[in-house]
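Colleague: Shown below is the structure under consideration.
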Amino acid sequence: MSDEIKLQNWKRDITYHAGAFVVAQSVDDIVGIVKDRERYPSPVRIKGSHHSTTDCIVAEGGTVIDITKMNKILNIDKENKTITMQPGVLHIDAARELEKHGLQFYVNCEIGNLTVGSGACTATKDASYFAKGEQDWEFGQVNSYAIKFKAILPSGEMLEVTEDDPELLAAMRSSYGMLGAVVEVTYRVKEIRPMTVEHIVYHIDEFADRLPELVDQKRSMMLYLMPHLDQVVVEYRYDGPGPLRSHTFPWRLRNWAWKTGSPFFGRVVSQFVPLQGLRGVLLNAQNRLVGLVMTKLIRGKNTSPADQIIHYPETAPYAAYTFSIWGFPRDEYPQTIRKYFQFCKDYLKDNGYRCDLLNVGYHIAQDTSSLFSYTRKWPCVTIDPVATGSTGWKAFLQAYNEFCLENNGKPLLNQTPYMTPHQVQASFAEEIEIFQQYRHQYDPEDRFYPQWFREMFESKPGQGGIA
Ligand SMILES: Cc1cc2nc3c(=O)[nH]c(=O)nc-3n(C[C@H](O)[C@H](O)[C@H](O)COP(=O)(O)OP(=O)(O)OC[C@H]3O[C@@H](n4cnc5c(N)ncnc54)[C@H](O)[C@@H]3O)c2cc1C
């Protein structure tokens, strides 16, 4: 229809058409919109930076409220170690402001464009850090540290959710806008500490055989996976000696390579090198070079945790990557990662496609803080295929999703593309039931319930569904 508004996610691989689009400046704007059902059609969805890679953002024919202009940091409480913000504040801006106050987030996602409202009510990932003081793993999901929400309900009333009601808080942390528009959020933060970073390359067999021992070293572990070279590079992070140094070279190099250098190379190879064999040689050579650079150059003793956060351009440039992710039980990961490497090799042989960028993975602590937490049942290690999204990527991910379900994986509703209702329901059967009870309570007329979530939560085999 001519007056519908075309919207896209960051990578422009998801397109939908809203019936109304409003850039909200205040809570009153949001209250006015949700109450006016004639002018503003359902479903009403909140838009952050639209960096999600699934249809969780889609409001086909509905109303989209962009909250990115509601971006004030309202309070930093040094004594109680909290930060309170409007929802449109960017993760990177908040992290840099905390740094000035001698504080830091517990979870420093690499994605700086994440809006803090979205971070509080969706799934995220970063490698769990080991807290020396508590002698325990910290969580690896941003929402686990969101301790107070203010959200606008379909009635226009304000719902306040705190740690006094842990079950509702867990549902809110996984609500994706379905329990209200988050208009204010408070995160727990901690004193900033210098961070050491270093990289070590392992053969897949050595990594898999030694995984329990590597975990016992109590260092945060992010993995760079090279299935076609049988190699894993582990990025270790742990508390370092002072004084802390900000904006350091190793992180600037790593962030440039990840944001621009590698995606540019991957895209050029996928686009302009027609021969599969030659493409493989070039991608393998680049993987080897990246491994070398990481081990030799990307190391630092006393870097700032905020340095690992990247500010991406507003929309994806030519050199941009996309990805998927599933979390797997840590105890089974030695077998799972070997099987995944074989899966990639077999897939290349059978279908002529391989990811044109390094895959990654994160070691993440068990965590029941949010209802759709992918680590509710066990500590996990993830496998995140990463690519420029060239021809063959979608079919690869569809096959990958099947592989993951067969290997006890759990997905992220905003970061695991092309899931089927069966895969979502098999992953979160009990949690969907609990969530729907809250949703019926706070949104009895489905004002905030979009088609995609309806399909994922309710569609049964034989009823079709969105792939
Ligand atoms: C290049 C790239 C790198 C990435 N790197 C990482 C990473 O390192 N770690 C990681 O965890 N993720 C990463 N992501 C994924 C991203 O963090 C998540 O998809 C996140 O949810 C995006 O946040 P957003 O602000 O863009 O929200 P959107 O994508 O706009 O929205 C996500 C969902 O949250 C809802 N929502 C947003 N704001 C509100 C609000 N105020 N109230 C209620 N509901 C709301 C929306 O309706 C939607 O359902 C990356 C994505 C890209 C494209």
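Colleague: Name the residue that is nearest to ILE92 (Cα to Cα), counting only residues in segment 229-267 that are more than 16 Å from the ligand (Cβ to nearest atom) and among the aromatic types (Phe, Trp, Tyr).
Modeller: PHE249
Colleague: Can you pull out the residues in segment 121-145 that are touching a helix residue (DSSP H, G or I) at 6+ places or on another chain (Cβ under 8 Å) and more than 21 Å from LEU223 (Cβ to Cβ)?
Modeller: Correct list: CYS121, THR122, ASN143.
Matching residues to (1) within 21 Å of the chain's Cα centre (by Cα); (2) of a type outside the set (Asp, Glu); (3) surrounded by fewer than 16 Cβ atoms within 10 Å (Cβ to Cβ):
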residue	(1), (2), (3)
VAL215	no, yes, no
LEU223	yes, yes, no
GLN231	no, yes, no
TYR236	yes, yes, no
LEU244	no, yes, no
PRO250	no, yes, no
LEU253	no, yes, yes
ALA257	yes, yes, no
SER262	yes, yes, no
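Colleague: Let me ask another. Sort through ILE92, ILE83 and tell me the only one that's assigned to a helix (DSSP H, G or I) and either without any contact (Cβ under 8 Å) to a residue 40 or more places away in the chain or closer than 21 Å to GLN141 by Cβ (or both).
Modeller: Testing whether each residue is assigned to a helix (DSSP H, G or I) and either without any contact (Cβ under 8 Å) to a residue 40 or more places away in the chain or closer than 21 Å to GLN141 by Cβ (or both) leaves just ILE92.
Colleague: Another question, if that's okay. Using the structure shown, decide if SER270 is within 16 Å of the ligand (Cβ to nearest atom) and not assigned by TED's automatic domain parsing to the domain that holds LEU90.
Modeller: For SER270, the condition - within 16 Å of the ligand (Cβ to nearest atom) and not assigned by TED's automatic domain parsing to the domain that holds LEU90 - is not met.
Colleague: Within segment 146-193, which strands (runs of 3 or more DSSP E) (wholly inside it) include 2 or more residues that are within 10 Å of the ligand (Cβ to nearest atom) and in contact with a helix residue (DSSP H, G or I) (Cβ under 9 Å, 6 or more places away or on another chain)?
Modeller: Values: elements: 146-152, 158-162, 181-188.
Per the criteria, 146-152, 181-188.
Colleague: Within segment 8-59, which residues are open to solvent by 20 Å² or more (accessible area, probe 1.4 Å), in a strand (DSSP E or B) and touching a residue at least 40 places away in the same chain (Cβ under 8 Å)?
Modeller: Within segment 8-59, GLN8, HIS17, PHE21, VAL22, VAL23, ILE46, LYS47 qualify.
Colleague: Related question: How many of the residues in segment 292-343 are closer than 30 Å to LEU7 by Cβ, assigned to a loop (DSSP other than H, G, I, E, B) and open to solvent by 30 Å² or more (accessible area, probe 1.4 Å)?
Modeller: 6
Colleague: Among the residues that make up segment 286-301, is at least one of them out of contact with any Lys or Arg (no Cβ under 9 Å at 6 or more places or on another chain), among the aliphatic types (A, V, I, L, M), away from the ligand (no atom under 13 Å from the Cβ) and within 21 Å of LYS125 (Cα to Cα)?
Modeller: Checked segment 286-301: no residue is out of contact with any Lys or Arg (no Cβ under 9 Å at 6 or more places or on another chain), among the aliphatic types (A, V, I, L, M), away from the ligand (no atom under 13 Å from the Cβ) and within 21 Å of LYS125 (Cα to Cα).
Colleague: Examine segment 108-116 for a residue that is within 16 Å of the ligand (Cβ to nearest atom) and farther than 19 Å from ILE309 by Cα, and state whether such a residue exists.
Modeller: So far as segment 108-116 goes, no, none of its residues is within 16 Å of the ligand (Cβ to nearest atom) and farther than 19 Å from ILE309 by Cα.
The values are calculated or read from the model by the stated rules, or taken from the named source; none is laboratory data. Source: prediction; values computed, not measured. Reconstructed Cβ throughout: ideal geometry from the backbone, glycine too, with neighbour counts over all protein chains shown. Heads up: the accessible areas ignore ligands, DNA and RNA and are worked out on the full protein's heavy atoms, side chains in. Shrake-Rupley method; radii C 1.70, N 1.55, O 1.52, S 1.80 Å.
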